[in-house]
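Notes follow the structure.
The values are calculated or read from the model by the stated rules, or taken from the named source; none is laboratory data. Treat the numbers as computed from the prediction; the structure is a model and nothing was measured. Note: ideal-geometry Cβ built from the backbone for every residue, glycine included; neighbour counts use all protein chains shown. Note: accessible area is taken over every heavy atom of the protein model, side chains too, but ligands, DNA and RNA are not part of it. Shrake-Rupley method; radii C 1.70, N 1.55, O 1.52, S 1.80 Å.
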Amino acid sequence: MLSRRSALFTAVAATAVFAAPAFATETEAFTPDALAAAQKAGRPIFVAIHATWCPTCKAQTPILSELMADPKFKNLVYFVVDFDSQKDAVNFFGAQMQSTLIAFKGEHETGRSVGDTDRASIAALLNKTL
């Protein structure tokens with residue numbers, strides 16, 4: 001039998017899962033080949049250099065989730081690169097720190113920001129992929 005605390009925790013956890021905003025696009029594992037294929041296809045691409053311990057990255061996540069839920073981003077390729085475990089990818093993009101966001105339209109980088117948590121400017125950067 002579940003205790004009240006367990007039942008409450010289960011209810012809160014279930015609510016959080018269903019209340020979390022959904023991405024219109026799925027996160028893809030970054031590889032140079034996956035990036036090259038998306039670029040060759042002329043797809044809009046967005047890269048987030050992320051660290052689980054980074055408070056700025058944590059602030060960016062719900063903003064990106066909300067913005068990417070827009071149907072206009074359904075063809076967007078979204079790569080999340082782990083700052084700590086994917087150093088080759090971090091170097092590939094020339095990122096100096098976590099919380100770096102990079103927009104591409106096909107093969108061309110169209111914008112980049114570091115440490116940005118302003119919804120409007122992140123939206124403007126994301127729109128540069130279209």
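Overview of results
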quantity: Pair-distance profile P(r), taking every C-alpha pair of the range 45-84, with 10 angstrom steps and integer %; calculated: 28, 54, 18, 1
quantity: Fully extended contour minus Cα-Cα distance, from Asp70 to Asp118, at 0.36 nm per residue; calculated: 15.5 nm
quantity: Descending semi-axes in whole angstrom, ellipsoid equivalent of the range 51-130, from the Cα gyration tensor; calculated: 19, 16, 11
quantity: Efficiency of FRET between Ala29 and Asn127 - r from beta-carbon atoms, R0 30 angstrom, step 0.05; calculated: 0.75
quantity: Residues of the range 60-75 with amide N under 16 Å of a point placed 7 Å along Cα→Cβ from Met97; calculated: 60
quantity: Karplus (6.51, -1.76, 1.60) ³J(HN,Hα), θ = phi - 60°, over the range 52-60, in Hz, Gly and Pro reported as x; calculated: 5, 8, 7, x, 5, 4, 5, 6, 6
quantity: Within the accessible area of the range 66-110 (1.4 Å probe), percent carbon and sulfur; calculated: 47 percent
